[in-house]
Amino acid sequence: MRAGALAHERVIKFLNENFINTWVSNFEFGRKPSAREYLAKRYANESKSFDTTHALAQAIKKGWQERSPVDCLVISPDFELKGKLALNKYLSGGHGLEGGRTAAENYRLFLIEALEGKYPGFSPDNAFAYLLGEEEGTPEQESPFKPFLTDLEVVLNPTQPTLEVLDVIRTQESTIVRIDATAFEKGGILTIDIRVGSAQLAGSFYLYESNIEFPTERGQRYYHSFANAMDTLPDGTAQITYLFYQGQVFKLVITASERVDNKTSVNAFQARISVAEH
């Protein structure tokens with residue numbers, strides 16, 4: 001989404017003018033039983049935890065769709081769910097070809113229909129009925145996405161030594177997170193805590209120096225990386241640590257596991273990136 005619809009100025013302007021934009025972590029929300037068990041232990045000795053009984057939380061839970069790593073939801077000020085868009089279906093449902101519109105135009109249409117009360121994503125009477133799988137005779141279409149790299153950037157310094165990244169693992173793309181740790185002149189310990197979403201796609205995470213070309217062969221990816229977390233399973237966690245001795249820029253590359261059959265699969269990942277001075 002960040003490299004597609006959400007990279008378009010018209011969509012960004014429309015979002016900023018008509019919505020309050022925010023996000024919540026499926027894991028922190030306790031979407032899966034395993035997460036709920038972990039969170040119960042985590043917050044056992046704390047006075048506050050995430051309130052899943054709040055009306056907003058209930059609206060979010062109502063919008064969840066099965067096996068979707070990321071859901072785009074439109075919720076009214078009185079907490080009514082007005083539209084829902086499952087990212088895995090959005091990427092694999094031929095949205096870039098629907099009506100001859102681009103991905104950005106289709107996403108903007110989703111937002112407009114939500115504001116107009118057409119309930120996109122769960123009403124068959126709108127342009128997004130195909131997301132429900134209810135339209136008979138709708139042929140599957142090839143995804144319009146072609147292999148490319150999407151870029152994110154994290155800048156760390158002693159005042160702000162920790163940042164989080166939330167993005168998507170894709171089978172036909174790789175994601176690069178550029179980690180700028182040049183402010184740590186004497187080096188430190190770089191730690192990346194990884195959490196993969198619940199959709200059916202594993203991810204591999206490779207840490208490199210900033211100027212390396214990403215190898216095409218799996219074995220070379222492993223060999224040339226400073227550290228890695230390969231084939232991290234859905235709902236799984238992993239950690240990458242690396243000791244460096246002077247400020248530098250790193251490249252974290254995220255790819256889908258090569259052991260996948262579905263060419264249009266997606267899953268979410270969260271990476272908490274931090275540097276501790278030594």
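Every number here is computed from the coordinates shown, using simple stated rules; none is lab data. In this text the structure is predicted, and so the values were computed from the model without any measurement.
When its C-alpha radius of gyration is set against 2.2 N^0.38 Å (N residues), the range 149-276 gives a value of 1.01. Taking all Cα pairs closer than 8 Å and separated by 6 or more residues, the relative contact order of the range 149-276 comes to 43 percent.
With 28 Å as the limit, the listed pairs Lys61/Lys118; Lys61/Lys251; Lys13/Lys118 have Lys61/Lys251 beyond it between alpha carbons.
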